[in-house]
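Reading through the C-alpha cells given below for one structure.
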Amino acid sequence: MNKLYINSFVEKKLSAGVQLLEERDFKNLNITDQVVTLVSKGNQIIGVAYLSKQHRGVGWFLGQHADLTSDYFCQLFLQAKAKRRFFINDETTNAYRIFNQEGDNFGGLTIDFYNDFAVFSWYNTFVFSIKEIIIEAFQKVFPEIKGAYGKIRFKSETAESVHLYGLEAPETFIIKENGVNYQVFLNDGLMTGIFLDQHDVRKNLVEGLAKGKSLLNMFSYTAAFSVAAAVGGAKETRSVDLAKRSRDLSSAHFQANGISTDNHFFHVMDVFEYFKYAKRKALTFDVIVIDPPSFARNKKQTFSVQKDYHRLISEALAILSPEGMLIASTNAANMTVIQFKNEIKKGFEGYHIADMSLQQLPEDFTINNADERSNYLKVFTIKVKK
C-alpha cells in the first residue's frame, strides 16, 4: 500500500472528523484509484484513505483501519440498516436512502430504496471498480431487496444506468412516501422521478401547510411538491418546468393518487418567463416553492444559485399574496446556510420577513456532523409580511 504524506492542516481536518480529501491540500498528486496509508510529517500513520477524483474532492478518508472486503462492507451496511429502523418499519413510506456516503462512513457511494428495489450511485471510478464486492455484501445484509440498479455519476463512456442484479423493475411503478403515491422509474438515465432528500418538506405540505391555498411550484420537475400540497388540501397548484417531459411525469403523480387535475396546472416554460406571464395576468399565489438546480443554462441565459437566487426571490415576492409564504430550497453543497440565507435576503428589498425557519436533510440522509458540506440541503420556509 502506497504512503501519502499529509501536512498538519490536513491532519487537523481529519482528526476533527472531516472525511473528504480536497485537491487544494495535495500538490502534484498523481496517485489515483487506489487505497493509501496517510502519514503525517512526523512519520506517524494517521489512517487509510482511497484516492479517486470526483465532483467533490480527490478521495475519502476511511479511518484508522479499512480492509475493503465483503465483511468490511457488511459491517457498514448493518450499521446503516440499524440507523434506518424507523423507515423500515414505517408503513406509510417505502422509498428512502439506505446508505449516504460519509454519513455512513464511506464517501463516494449512495444507495436508495424504492419499494423492493435498490439504486446504487457510484460517484467515482474507484468505487465503481470494487462494485462487485459492495453488491455482494449488500445482498447479504439486505436479502429482502428483489433487484438493483446502478447509476454512474462521474464522466464515463459507460451507460448512465444499468440493471445490476435480481428482478428487473417495471418501466414505471408506484412508491409511497408519507402516505402519498408517486410514480417512479429506475432505468432511464440518472433521474428516478422524485428527489428523496425532500421528503420532510413534502411531509409538511401533506400535513396541510398549503391547505386551502394556491401554490406555485417553480423548477417543478415532476411536481412532487404540488402533489403533496394537493393531498394536503391546496385549492390550486401550478407547476412550472422547462423540460417538455415534465407535464406527463407530473400528471402521472396526480393520477397515482386519484386527484383530478382540474385545479392543478402544468406549464412547460422558463421560470423567468412565467414570472412575466403571471404579472401580465395579475396572478398571485399564497405559497411559492423555489427549488432550482445549482446551475442551469438555456438558450437565453445561465443561472447559478450562488449569484442569481436573489433574482428568483424578488420575482416571486412580486406575485406573492399578502401574508404569503416562500419555500426556498437549494442542494448546493458549496454554499453554507449563512451564504444561502444572505442570498435570499438580497431579494427582499421592500419586503419584510415575518418568520424564517430552516430544514435540512432528513434522518435517512445521514450526515457527517464534522463537515457542513455533507448536510447539503437547505430549505427555508419564509412567512412574508408585505
**Prompt:** Helix 131-141 sits at what angle to the longest principal axis of the chain, using alpha carbons and giving 0 to 90 degrees rounded to 10?
**Reply:** 80
**Request:** Determine Rg/Rh for the range 2-62; Rg is computed over alpha-carbon atoms and Rh is the Kirkwood hydrodynamic estimate from the same atoms.
**Result:** 0.91
**Message:** Once each part is reduced to its C-alpha centroid, what is the distance from the range 89-153 to the range 300-348 in angstrom?
**Reply:** 33
**Prompt:** If amide H atoms are built 1.01 Å from N in the plane of the peptide, which residues on other chains or at least 5 residues away come under 5 Å of the amide H of Leu38?
**Reply:** Leu4, Ile46, Gly47, Val48, Ala49
**Prompt:** When N counts the residues of the range 70-170, how does its alpha-carbon radius of gyration compare numerically with 2.2 N^0.38 Å, as a ratio?
**Reply:** 1.02
**Message:** Give me the one-decimal Kirkwood hydrodynamic radius in Å for the chain, with the sum taken over alpha-carbon pairs.
**Reply:** 22.3
**Message:** What is the angle, in °, between the Cα long axis of helix 70-83 and the longest principal axis of the Cα atoms in the chain? Nearest 10 is fine, range 0 to 90.
**Reply:** 40
**Request:** Mind running the shape call on the range 291-347? Use the C-alpha gyration tensor, a ≥ b ≥ c as the square roots of the eigenvalues: rounded below 1.5 for a/c, prolate if a/b tops b/c, oblate otherwise.
**Result:** oblate
**Message:** Can you tell me the mean projection area, over all orientations, of the convex hull of the range 195-385's alpha carbons? Units nm², please.
**Reply:** 10.6
**Sorted peptide list for 68-75, 352-359, criterion being average Cβ within 10 angstrom, highest first** = 68-75, 352-359
**Message:** How far apart, in nanometres, would the label points at Asp71 and His163 be if each is projected 7 angstrom from Cα along the Cα-to-Cβ direction?
**Reply:** 3.5
**Request:** Rank these by accessible area, largest first, 1.4 Å probe: His267, His163, His253.
**Result:** His163, His267, His253
**Asked** Want the number for Asn2 to Ser304: 0.36 nm per residue separation, take away the alpha-carbon distance, what's left?
**Response** 104.8 nm
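The values are calculated or read from the model by the stated rules, or taken from the named source; none is laboratory data. Owing to the predicted nature of the structure, the values given are computational and were not obtained by experimental measurement. So basically every Cβ, Gly included, is an ideal-geometry build from the backbone, and we count neighbours across all protein chains shown. Heads up: the accessible areas ignore ligands, DNA and RNA and are worked out on the full protein's heavy atoms, side chains in. Shrake-Rupley method; radii C 1.70, N 1.55, O 1.52, S 1.80 Å.
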